[in-house]
1. Find how many whole Å separate the alpha carbon centroid of region 245-269 from the alpha carbon centroid of region 93-149.
2. Grab every C-alpha pair in the chain, bin the distances at 10 angstrom width from 0 up to the longest one, and report whole percents.
3. Suppose the chain between H62 and R225 were pulled fully straight at 0.36 nm per residue; how much longer would it get relative to their current alpha carbon spacing?
4. Mind checking the per residue accessible area of the chain for me, 1.4 Å probe, whole number of Å²?
5. For the chain, what is the mean residue ellipticity at 222 nm derived from helices alone (per DSSP H run of n ≥ 4: -39500 (n - 2.57); sum divided by total residues; nearest 500 deg cm²/dmol)?
6. Please get the size of the charge dipole for region 15-65, origin at its Cα centre, with Cβ charges of +1 on Lys and Arg and -1 on Asp and Glu, quoted in debye to the nearest 20.
7. Of the peptides 265-274, 176-185, 103-112, how do they stack up when ordered by the mean number of other Cβ atoms within 10 Å, highest first?
8. Under a cut-off of 26 Å between alpha-carbon atoms, report the lysines in cross-link reach of K200, not counting same-chain residues fewer than 8 places apart.
Amino acid sequence: MNSREKILITAAELADLLKAGSGVSILDVRWQLDAPDGRAAYLDGHIPGAVYVSLEEELSDHGLTGRGRHPLPSGSALQESLRRWGVREGIPVVVYDDWNRMASGRAWWVLTAAGLTDVRILDGGLSAWRDNGGEMASGAVEPAPGNVTVLHQDLYAGALPTLTAEQTSSMPLFDARAPERYRGDSEPVDAAAGHIPGAKNLPFAKLLTADGKFVDDLAPLFSERGIAAGVPVGTYCGSGVSATVVIAALAAAGHDAALFPGSWSEWTSDPSRPVERGDG
């Protein structure tokens, strides 16, 4: 299995797994900025056997302060959720969404950081499943309780590398937001417009095709930004969601990258931190 196959699964491959009766946990992580609760859409239609996962309530811990708009959940809370979703030891997990791979990227990152070793993103999301002729089911799925154990109670120091605000200058840093937000032309959500000084722009949307699949050959996109094998890099976004798409794409191409989980929302919560504008 190559790097890309460890991170991504195609709709056809998922259909074959289900047809063969192979054990797999499927998590529906539908979420959008303007529609953060995807439960209604899930109930209306989802991949057979999929369990709904709330990015806001289960992949974030809003009780934490000073960690940005989407703080990471604790390992203990995530373990409870995983078992409620029916995730079991030794059974692969497939995560999917229906919008720009942001939510499934977040789920992939959180579960992998917790120590799960076989989590893949459905390439192209729910649209790819439908385009492949995949069946749909409606209503809530109530799985048998899972038994998976989370190995890392603190995801900020888990199985995937992270950066604190103070560590963002320790390696090449990439901002996953849209160019206009990176430049500071506009800022619809956070306290200040611009980017972390020294960061370069690598919009996560550039890593996806028009139909929401990861670009087949990611190497040119990375090499033109100076990302080379074995050279550590960091990435951030608005609140630690869309940057996970960049990390997944890098992992699919064989590169490791560290996430600044609090991202721009944490950085700008402290007015003493410097802000840079323009193309950098």
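1. 19
2. Spelled out per bin, shortest first, that is 7, 31, 37, 20, 5, 0.
3. 55.3 nm
4. Heavy-atom accessible area per residue stands at 43 Å².
5. The per-residue figure over the chain is -7000 deg cm²/dmol.
6. On the way: 3 positive and 9 negative charges, 57 e Å.
Here region 15-65 has a charge dipole of around 280 debye.
7. Working: 265-274: 15.1, 176-185: 19.7, 103-112: 27.9.
Peptide ranking by packing, descending: 103-112, 176-185, 265-274.
8. K213
The values are calculated or read from the model by the stated rules, or taken from the named source; none is laboratory data. Just so you know, these numbers come straight off a predicted model, no measurement behind them. Reconstructed Cβ throughout: ideal geometry from the backbone, glycine too, with neighbour counts over all protein chains shown. The protein model used for the area step is the full one, side chains on, heavy atoms only, and it has no ligands, DNA or RNA in it. Shrake-Rupley method; radii C 1.70, N 1.55, O 1.52, S 1.80 Å.
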